[in-house]
Each structure stands twice: as C-alpha cells, then as structure tokens.
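The values are calculated or read from the model by the stated rules, or taken from the named source; none is laboratory data. Keep in mind the model is a prediction, meaning the values are calculated, not measured. Don't worry about glycine lacking a Cβ; one is built from the backbone with ideal geometry, like all the others, and counts go over all protein chains shown.
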Amino acid sequence: MNEKLLLDLINLQKEIKNTEEYKDVLLKNSLLENSDEVKLLSYKKDMAIVEYEDTLKHYNKNSNEVLSAEKVMAKSIYELNNHKLVKEYNASFAKLNNVYEEINQELFSFYKGVKK
C-alpha cells in the first residue's frame, strides 16, 4: 500500500470520527452500556433464548413446551428491541451506516458489480 493511500485512509478515519453521526453512536452506546434496565432486558433475552434452545432439544418443535418457550423468547426480544435507549441507538447507528454507504458509493461508484 503506498504512503499517499495510507495517509488518505487515516484522514478518512479522522473525518468519520468527527462526524455527528459517529459521535452520537458512541454516546448512545455508552448510555446502553450503563443502563441497568437494558442490561436486565438483555440478560432476560439471553436466558429466554437458552431456554428455548434447551426446550427444542427435548420436545417436538410444535409441542406446547416449545411454543411456550418461543413465546417467552419473542416477548423478551421485543421488550429489549423496543426499549427507548435501544431504539435511539439503532436510529443513530442507521444514520452512521448512511454515512458509510455514502463513502462506499463515492469510493466505489466506478465498480458496477461485474464479477470476474
């Protein structure tokens, strides 16, 4: 890799880190990591998934036991995904992905997806 390209990539990284979208994702991530509510919901989701997988090992996938465990798992995932902080983080992350997509389009607009 030549030196100019390396310097350009370092500068691009600095520019990305200075965007409001990047800074917002870092802030929202910090809020998530420090939220006891989100930690508890995440733990409940993880335990519900483990319980569902264990239940599948012992019962038919159409059994009442599996359907019940699946319902608990779905509810726990829904509760986590719909927590205010998680929704805010996901929205911020989507905005940052748009920045990355714009960069990708700019850098690789010459490439039309033709496989060699």
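Condition check ((1) surrounded by 12 or more Cβ atoms within 10 Å (Cβ to Cβ); (2) more than 30 Å from Asn104 (Cβ to Cβ); (3) of a type in the set (Asp, Glu)) across all residues:
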| site | (1), (2), (3) |
| --- | --- |
| Lys14 | no, no, no |
| Lys23 | yes, no, no |
| Glu37 | yes, yes, yes |
| Ala69 | yes, yes, no |
| Leu80 | yes, no, no |
| Lys84 | no, yes, no |
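Looking at Ser92, is it among the polar types (S, T, N, Q), farther than 24 Å from Ile16 by Cβ and surrounded by 12 or more Cβ atoms within 10 Å (Cβ to Cβ)?
Considered against the rule, which asks whether it is among the polar types (S, T, N, Q), farther than 24 Å from Ile16 by Cβ and surrounded by 12 or more Cβ atoms within 10 Å (Cβ to Cβ), Ser92 comes out as no.
For the range 1-36, which residues satisfy the criterion of being over 18 Å from the mean Cα position of the chain (by Cα) and either within 17 Å of Leu85 (Cβ to Cβ) or of a type in the set (A, V, I, L, M, F, W, C) (or both)?
Of everything in the range 1-36, those that are over 18 Å from the mean Cα position of the chain (by Cα) and either within 17 Å of Leu85 (Cβ to Cβ) or of a type in the set (A, V, I, L, M, F, W, C) (or both) turn out to be Met1, Leu5, Leu6, Leu7, Leu9, Ile10, Leu12, Ile16, Asp36.
Does Glu106 qualify as being acidic (Asp, Glu) and at pLDDT 95 or above?
In short, no.
With the requirement that a residue be part of a loop (DSSP other than H, G, I, E, B) and closer than 11 Å to Leu96 by Cβ, what does the range 8-22 give you?
Thr19
Looking at Asn29, Asn60, Asn90, which is the one that is of a type in the set (S, T, N, Q) and part of a loop (DSSP other than H, G, I, E, B)?
Asn60
Is it the case that some residue within the range 106-116 is in contact with a helix residue (DSSP H, G or I) (Cβ under 6 Å, 6 or more places away or on another chain) and part of a helix (DSSP H, G or I)? Spell out how you get there, then give the answer.
Taking the range 106-116 and keeping what is in contact with a helix residue (DSSP H, G or I) (Cβ under 6 Å, 6 or more places away or on another chain), we get none.
Looking for residues that are in contact with a helix residue (DSSP H, G or I) (Cβ under 6 Å, 6 or more places away or on another chain) and part of a helix (DSSP H, G or I), one finds none in the range 106-116, hence no.
Just to be sure I understand the filter: pairs with C-beta atoms under 6 Å, separated by 6 or more residues or on different chains, first member in the range 78-97 and closer than 14 Å to Leu40 by Cα, second member not in a helix (DSSP H, G or I). Which pairs pass?
Qualifying pairs under 6 Å: Leu85/Ser35.
Report every pair of residues separated by at least 6 positions or lying on different chains whose Cβ atoms are under 6 Å apart, first residue within the range 15-32 and more than 9 Å from Tyr89 (Cβ to Cβ) and in contact (Cβ under 8 Å) with a residue 12 or more places away in the chain, second among the charged types (D, E, K, R) and in a helix (DSSP H, G or I).
From the range 15-32, the pairs are Glu21/Lys95.
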